[in-house]
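Let me begin by presenting the structure, written as C-alpha coordinates, before commenting on it.
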Amino acid sequence: MATDWSIYNVDCIDIRDLITEPASLVYIDPPYGPVGEDTYYGVGNSRDEYLSFMRARISALVGALKPNGSFVLHVDQKYSHRLRVVLDDVLGEDAFQNEIVWCYSGPSRAARWFPRKHDTLLWYAREAPLFNQPRVPYVGTFKVGGKTSWAGKNVDKEEYLKQGKALEDWWTDPPALQRNEKEKTGYKTQKPLALLNRIVSALTNPGDLVVDGFCGSGTTGASALMLGRRFLGTDVSKVAADLAASRLKSLHESRASSDNE
(Lines give C-alpha, C1' and ligand atoms only; values in the text may rest on other atoms or scores of the structure.)
Protein backbone atom coordinates (compact mmCIF):
# COMPACT_ATOMS: atom_id res chain seq x y z
CA MET A 1 0.00 0.00 0.00
CA ALA A 2 1.52 3.33 -1.05
CA THR A 3 1.75 5.95 1.67
CA ASP A 4 1.98 9.73 1.60
CA TRP A 5 4.08 10.00 4.74
CA SER A 6 7.54 9.08 6.07
CA ILE A 7 9.05 9.11 9.56
CA TYR A 8 12.82 8.89 10.14
CA ASN A 9 14.63 8.30 13.42
CA VAL A 10 17.40 10.79 12.59
CA ASP A 11 18.58 14.30 13.42
CA CYS A 12 16.80 16.89 11.28
CA ILE A 13 20.15 18.49 10.52
CA ASP A 14 20.41 15.81 7.81
CA ILE A 15 17.00 16.66 6.30
CA ARG A 16 18.41 17.40 2.85
CA ASP A 17 19.46 13.75 2.52
CA LEU A 18 15.86 12.65 2.99
CA ILE A 19 13.70 14.86 0.81
CA THR A 20 13.32 14.64 -2.95
CA GLU A 21 11.35 17.89 -3.33
CA PRO A 22 11.14 21.16 -1.40
CA ALA A 23 8.48 21.55 1.28
CA SER A 24 5.67 24.08 1.38
CA LEU A 25 5.76 24.20 5.18
CA VAL A 26 8.32 23.37 7.82
CA TYR A 27 6.87 23.40 11.34
CA ILE A 28 8.98 22.59 14.38
CA ASP A 29 8.17 22.28 18.07
CA PRO A 30 11.77 21.79 19.27
CA PRO A 31 13.34 21.65 22.74
CA TYR A 32 12.57 24.89 24.59
CA GLY A 33 16.01 25.44 26.10
CA PRO A 34 19.13 23.80 27.52
CA VAL A 35 19.08 21.03 30.10
CA GLY A 36 17.56 22.44 33.26
CA GLU A 37 15.35 24.93 31.42
CA ASP A 38 13.41 22.40 29.36
CA THR A 39 12.04 19.85 31.79
CA TYR A 40 11.64 17.12 29.19
CA TYR A 41 13.98 17.53 26.22
CA GLY A 42 16.60 20.18 27.03
CA VAL A 43 19.61 20.37 24.72
CA GLY A 44 23.05 21.60 25.79
CA ASN A 45 24.28 22.77 29.17
CA SER A 46 24.13 26.49 28.48
CA ARG A 47 22.24 29.14 26.56
CA ASP A 48 24.98 29.35 23.93
CA GLU A 49 25.05 25.59 23.38
CA TYR A 50 21.28 25.49 22.97
CA LEU A 51 21.21 28.42 20.54
CA SER A 52 24.06 26.93 18.51
CA PHE A 53 22.12 23.66 18.30
CA MET A 54 18.99 25.47 17.14
CA ARG A 55 20.77 27.68 14.60
CA ALA A 56 22.31 24.66 12.86
CA ARG A 57 18.98 22.86 12.59
CA ILE A 58 16.96 25.90 11.59
CA SER A 59 19.48 26.52 8.79
CA ALA A 60 19.20 22.91 7.61
CA LEU A 61 15.41 22.92 7.66
CA VAL A 62 15.15 26.28 5.89
CA GLY A 63 17.19 24.68 3.10
CA ALA A 64 14.37 22.18 2.62
CA LEU A 65 11.78 24.86 1.82
CA LYS A 66 10.33 26.10 -1.45
CA PRO A 67 11.30 29.70 -2.23
CA ASN A 68 7.88 30.85 -0.97
CA GLY A 69 7.54 28.13 1.69
CA SER A 70 6.64 28.91 5.28
CA PHE A 71 8.75 28.20 8.36
CA VAL A 72 6.95 28.06 11.73
CA LEU A 73 8.86 27.74 15.00
CA HIS A 74 6.82 26.87 18.13
CA VAL A 75 8.38 27.68 21.52
CA ASP A 76 7.50 29.09 24.93
CA GLN A 77 8.52 32.39 26.52
CA LYS A 78 12.02 31.40 27.68
CA TYR A 79 13.84 31.63 24.34
CA SER A 80 11.32 32.98 21.83
CA HIS A 81 13.07 36.37 21.74
CA ARG A 82 16.50 34.82 21.17
CA LEU A 83 15.25 32.40 18.54
CA ARG A 84 13.57 35.25 16.69
CA VAL A 85 17.02 36.82 16.31
CA VAL A 86 18.32 33.50 14.96
CA LEU A 87 15.47 33.39 12.45
CA ASP A 88 16.19 36.99 11.43
CA ASP A 89 19.80 35.98 10.78
CA VAL A 90 19.01 32.80 8.86
CA LEU A 91 15.96 33.89 6.87
CA GLY A 92 16.32 37.67 6.95
CA GLU A 93 14.32 40.23 8.91
CA ASP A 94 12.07 40.87 5.91
CA ALA A 95 10.96 37.23 6.00
CA PHE A 96 9.13 37.79 9.29
CA GLN A 97 5.37 37.39 8.87
CA ASN A 98 3.84 37.00 12.33
CA GLU A 99 4.50 36.37 15.97
CA ILE A 100 1.44 34.36 16.94
CA VAL A 101 0.58 33.96 20.60
CA TRP A 102 -1.32 30.79 21.49
CA CYS A 103 -3.01 31.28 24.86
CA TYR A 104 -4.38 28.41 26.89
CA SER A 105 -5.58 27.72 30.41
CA GLY A 106 -4.90 25.04 32.96
CA PRO A 107 -3.86 24.35 36.55
CA SER A 108 -0.84 26.23 37.88
CA ARG A 109 1.19 26.30 41.09
CA ALA A 110 2.61 29.75 40.37
CA ALA A 111 2.58 31.89 43.52
CA ARG A 112 5.06 34.66 42.70
CA TRP A 113 3.98 35.56 39.13
CA PHE A 114 1.04 35.28 36.77
CA PRO A 115 0.73 31.69 35.51
CA ARG A 116 2.70 31.37 32.27
CA LYS A 117 0.08 30.02 29.91
CA HIS A 118 1.01 30.90 26.36
CA ASP A 119 3.33 29.72 23.60
CA THR A 120 4.79 31.68 20.69
CA LEU A 121 4.69 30.66 17.04
CA LEU A 122 7.15 32.56 14.83
CA TRP A 123 6.14 32.49 11.16
CA TYR A 124 8.72 33.37 8.49
CA ALA A 125 8.67 33.21 4.69
CA ARG A 126 11.20 34.72 2.26
CA GLU A 127 8.84 35.27 -0.66
CA ALA A 128 5.12 36.00 -0.70
CA PRO A 129 3.83 32.79 0.91
CA LEU A 130 0.67 30.88 0.32
CA PHE A 131 -1.87 32.04 2.88
CA ASN A 132 -5.40 30.70 3.25
CA GLN A 133 -6.81 33.35 5.60
CA PRO A 134 -8.67 31.73 8.51
CA ARG A 135 -11.86 33.49 9.48
CA VAL A 136 -13.64 33.36 12.82
CA PRO A 137 -17.00 34.63 14.12
CA TYR A 138 -17.34 38.22 15.19
CA VAL A 139 -17.64 38.80 18.92
CA GLY A 140 -19.49 41.77 20.38
CA THR A 141 -22.21 44.14 19.22
CA PHE A 142 -21.61 46.47 16.31
CA LYS A 143 -23.44 48.26 13.53
CA VAL A 144 -23.16 46.56 10.15
CA GLY A 145 -24.73 48.93 7.60
CA GLY A 146 -23.77 52.53 6.85
CA LYS A 147 -20.62 54.67 6.77
CA THR A 148 -19.90 54.22 10.47
CA SER A 149 -20.13 50.44 10.38
CA TRP A 150 -17.25 47.99 10.44
CA ALA A 151 -18.09 47.13 6.85
CA GLY A 152 -17.93 50.78 5.78
CA LYS A 153 -20.89 50.34 3.46
CA ASN A 154 -24.43 49.06 3.38
CA VAL A 155 -24.32 45.27 3.38
CA ASP A 156 -26.59 42.43 4.36
CA LYS A 157 -26.06 41.93 8.10
CA GLU A 158 -26.50 38.16 8.10
CA GLU A 159 -24.15 37.65 5.17
CA TYR A 160 -21.55 39.92 6.75
CA LEU A 161 -21.69 38.07 10.05
CA LYS A 162 -21.59 34.71 8.29
CA GLN A 163 -18.38 35.70 6.50
CA GLY A 164 -16.67 36.28 9.83
CA LYS A 165 -13.52 38.28 10.48
CA ALA A 166 -9.87 37.56 9.75
CA LEU A 167 -8.22 35.64 12.57
CA GLU A 168 -5.76 37.82 14.49
CA ASP A 169 -2.27 36.88 15.69
CA TRP A 170 -3.46 35.85 19.15
CA TRP A 171 -5.30 32.57 19.54
CA THR A 172 -7.35 31.58 22.56
CA ASP A 173 -8.44 28.40 20.86
CA PRO A 174 -7.90 25.52 20.66
CA PRO A 175 -7.33 24.62 24.29
CA ALA A 176 -4.25 22.72 25.39
CA LEU A 177 -4.71 18.98 25.75
CA GLN A 178 -5.89 17.87 29.18
CA ARG A 179 -5.36 14.54 30.86
CA ASN A 180 -7.52 11.59 29.80
CA GLU A 181 -8.48 13.17 26.47
CA LYS A 182 -8.95 10.58 23.73
CA GLU A 183 -6.44 12.39 21.52
CA LYS A 184 -3.56 12.02 23.97
CA THR A 185 -0.81 9.57 23.11
CA GLY A 186 1.21 9.77 26.32
CA TYR A 187 3.92 11.95 24.76
CA LYS A 188 4.64 14.70 27.28
CA THR A 189 4.82 17.70 24.94
CA GLN A 190 2.05 16.68 22.54
CA LYS A 191 0.17 19.60 20.97
CA PRO A 192 -3.55 19.55 20.07
CA LEU A 193 -4.50 18.43 16.60
CA ALA A 194 -6.78 21.45 16.20
CA LEU A 195 -3.81 23.79 16.57
CA LEU A 196 -1.81 22.02 13.84
CA ASN A 197 -4.90 21.84 11.63
CA ARG A 198 -5.10 25.63 11.73
CA ILE A 199 -1.43 26.06 10.82
CA VAL A 200 -1.36 23.42 8.08
CA SER A 201 -4.63 24.54 6.46
CA ALA A 202 -3.60 28.21 6.52
CA LEU A 203 -0.11 27.78 5.04
CA THR A 204 -0.48 24.86 2.59
CA ASN A 205 -2.84 23.44 -0.02
CA PRO A 206 -3.90 19.81 -0.54
CA GLY A 207 -1.08 17.76 -2.01
CA ASP A 208 1.67 19.97 -0.57
CA LEU A 209 4.57 18.54 1.42
CA VAL A 210 4.76 19.36 5.13
CA VAL A 211 7.95 18.72 7.13
CA ASP A 212 8.42 18.49 10.90
CA GLY A 213 12.00 18.15 12.11
CA PHE A 214 11.03 17.40 15.72
CA CYS A 215 7.93 15.34 15.05
CA GLY A 216 7.38 13.99 18.57
CA SER A 217 4.08 12.14 18.76
CA GLY A 218 3.27 12.85 15.11
CA THR A 219 0.55 15.48 15.48
CA THR A 220 1.83 17.52 12.52
CA GLY A 221 1.81 14.40 10.38
CA ALA A 222 -1.68 13.44 11.51
CA SER A 223 -2.92 16.90 10.61
CA ALA A 224 -1.22 16.80 7.21
CA LEU A 225 -2.75 13.44 6.32
CA MET A 226 -6.22 14.38 7.53
CA LEU A 227 -6.10 17.56 5.42
CA GLY A 228 -4.87 15.82 2.27
CA ARG A 229 -1.23 16.91 2.45
CA ARG A 230 1.91 14.77 2.40
CA PHE A 231 4.28 14.54 5.35
CA LEU A 232 7.89 13.89 6.24
CA GLY A 233 8.96 13.84 9.87
CA THR A 234 12.18 13.26 11.78
CA ASP A 235 13.04 12.83 15.43
CA VAL A 236 16.26 11.74 17.16
CA SER A 237 14.21 9.92 19.78
CA LYS A 238 13.37 6.36 18.75
CA VAL A 239 10.44 6.41 21.15
CA ALA A 240 9.02 9.47 19.42
CA ALA A 241 9.73 8.21 15.90
CA ASP A 242 8.10 4.84 16.62
CA LEU A 243 5.08 6.49 18.24
CA ALA A 244 4.63 8.92 15.35
CA ALA A 245 5.01 6.14 12.76
CA SER A 246 2.49 3.93 14.56
CA ARG A 247 0.04 6.82 14.78
CA LEU A 248 0.31 7.73 11.11
CA LYS A 249 0.18 4.10 10.00
CA SER A 250 -3.09 3.63 11.89
CA LEU A 251 -4.50 6.84 10.44
CA HIS A 252 -3.44 5.90 6.92
CA GLU A 253 -4.96 2.42 7.20
CA SER A 254 -8.17 3.84 8.67
CA ARG A 255 -8.51 6.28 5.79
CA ALA A 256 -7.76 3.58 3.22
CA SER A 257 -10.38 1.32 4.78
CA SER A 258 -12.97 4.09 4.70
CA ASP A 259 -12.19 4.82 1.04
CA ASN A 260 -12.77 1.16 0.16
CA GLU A 261 -16.13 0.89 1.88
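Scanning segment 223-236 for residues that are surrounded by fewer than 24 Cβ atoms within 10 Å (Cβ to Cβ) and hydrophobic (A, V, I, L, M, F, W, C), we see that the one that is nearest to residue 198 (Cα to Cα) is 227.
Being more than 17 Å from residue 54 (Cβ to Cβ) and either touching a helix residue (DSSP H, G or I) at 6+ places or on another chain (Cβ under 6 Å) or part of a strand (DSSP E or B) (or both) is the filter here, so list the residues in segment 22-40 that pass it.
Within segment 22-40, 23, 24, 25 qualify.
Among the residues of segment 208-239, which ones are in a helix (DSSP H, G or I) and farther than 30 Å from residue 131 by Cβ? Within segment 208-239, 238, 239 meet the criteria. Sort out which residues of segment 55-78 are touching a Phe, Trp or Tyr at 6+ places or on another chain (Cβ under 8 Å), assigned to a helix (DSSP H, G or I) and surrounded by fewer than 19 Cβ atoms within 10 Å (Cβ to Cβ), and write them in order of number. The one that is touching a Phe, Trp or Tyr at 6+ places or on another chain (Cβ under 8 Å), assigned to a helix (DSSP H, G or I) and surrounded by fewer than 19 Cβ atoms within 10 Å (Cβ to Cβ): 62. Of all the listed residues (24, 52, 46, 6), the sole one being modelled with pLDDT of 95 or more, polar (S, T, N, Q) and in contact with a Phe, Trp or Tyr (Cβ under 9 Å, 6 or more places away or on another chain) is 6. Scan segment 117-153 for residues that are farther than 30 Å from residue 23 by Cα and modelled with pLDDT of 60 or more and the total you get is 6. The set of residues from segment 51-101 being farther than 21 Å from residue 196 by Cβ and of a type in the set (A, V, I, L, M, F, W, C) comprises 51, 53, 56, 60, 85, 86, 90, 91, 95, 96. When segment 219-243 is filtered for residues that are under 18 Å from residue 19 (Cα atoms) and either of a type outside the set (Lys, Arg) or out of contact with any strand residue (DSSP E or B) (no Cβ under 6 Å at 6 or more places or on another chain) (or both), the ones remaining, listed by number, are 220, 221, 224, 225, 231, 232, 233, 234, 235, 236, 241.
Being out of contact with any helix residue (DSSP H, G or I) (no Cβ under 7 Å at 6 or more places or on another chain), acidic (Asp, Glu) and surrounded by fewer than 23 Cβ atoms within 10 Å (Cβ to Cβ) is a property that residue 183 lacks.
The values are calculated or read from the model by the stated rules, or taken from the named source; none is laboratory data. Please read these numbers as outputs of a predicted model, since none were measured by experiment. No Cβ is skipped: glycine too gets one built from the backbone with ideal geometry, and neighbour counts run over all protein chains shown.
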